[in-house]
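Have a look at the structure below before the remarks.
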Amino acid sequence: MAYLRLEELSARNIVAANGLSLKPGQEQFIAPVSYSVAASVINPATSWQRVVVQDDQVVGFIHGNFDPDSDQEEFRACIWRINVDAEAQGQGVGKFATEALAEEARSRGFDRITVIWEPGEEGPEAFFRHIGFTDVGQTQYGEVIGALQL
């Protein structure tokens, strides 16, 4: 695996983050990065957004939320969105981004992170299970709530 690093999402890298490609069938599970940017404007104090860079190319994006006062436990330390370019999937980019978010959560005093995903063959369920997330509940819409103990 080539060297990966994180950068804060910024005007310099947002176009590349918005241009991340998807594999066929993934479109229904992933919203554009621009949706995350809008969320960060609404909740700037709790939003944590980074791009993953490999060889000076943006290959991934992760948006976390850290809100210890949230009424909903699954939103206190969570992954809002994670996108990995189709060409970089399966190369450790998503795991790298998730581990970085987990480290940030630890530094803020959290003992777990959560993520919500929609079940489906082309969805992210296999990835999240592979890196250690376990089911801890379900949303009212039938989405899975997964957690990773830190």
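Every number here is computed from the coordinates shown, using simple stated rules; none is lab data. None of the values given here were measured: they were computed from a predicted structure. Don't worry about glycine lacking a Cβ; one is built from the backbone with ideal geometry, like all the others, and counts go over all protein chains shown.
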> Roughly speaking, what is the stretch gain from Ser70 to Tyr3, that is 0.36 nm per residue apart minus the C-alpha to C-alpha distance, in nm to one decimal?
Replying inline: 20.6 nm
>> Which trypsin sites (Lys or Arg not before Pro) in the stretch 56-109 sit in a loop by DSSP (not H, G, I, E or B) and have at most 14 other Cβ atoms within 10 Å of their own Cβ?
In response: Arg108
> Rounded to the nearest 500 deg cm²/dmol, what is the calculated helix-only ellipticity per residue at 222 nm for the chain, with -39500 (n - 2.57) per DSSP H run of length n ≥ 4?
Replying inline: -7000 deg cm²/dmol
> How long is the stretch 4-149 along each principal axis, judged by its Cα atoms, biggest number first, in Å?
Replying inline: 37, 34, 24
> Picking from Asn18, Asn65, Asn83, which is most flexible by a Gaussian network model of the chain using Cα springs under 10 Å?
Replying inline: Asn18
> Counting pairs of alpha carbon atoms under 8 Å apart in space and at least six apart in sequence, what relative contact order in percent does the chain give?
Replying inline: 20
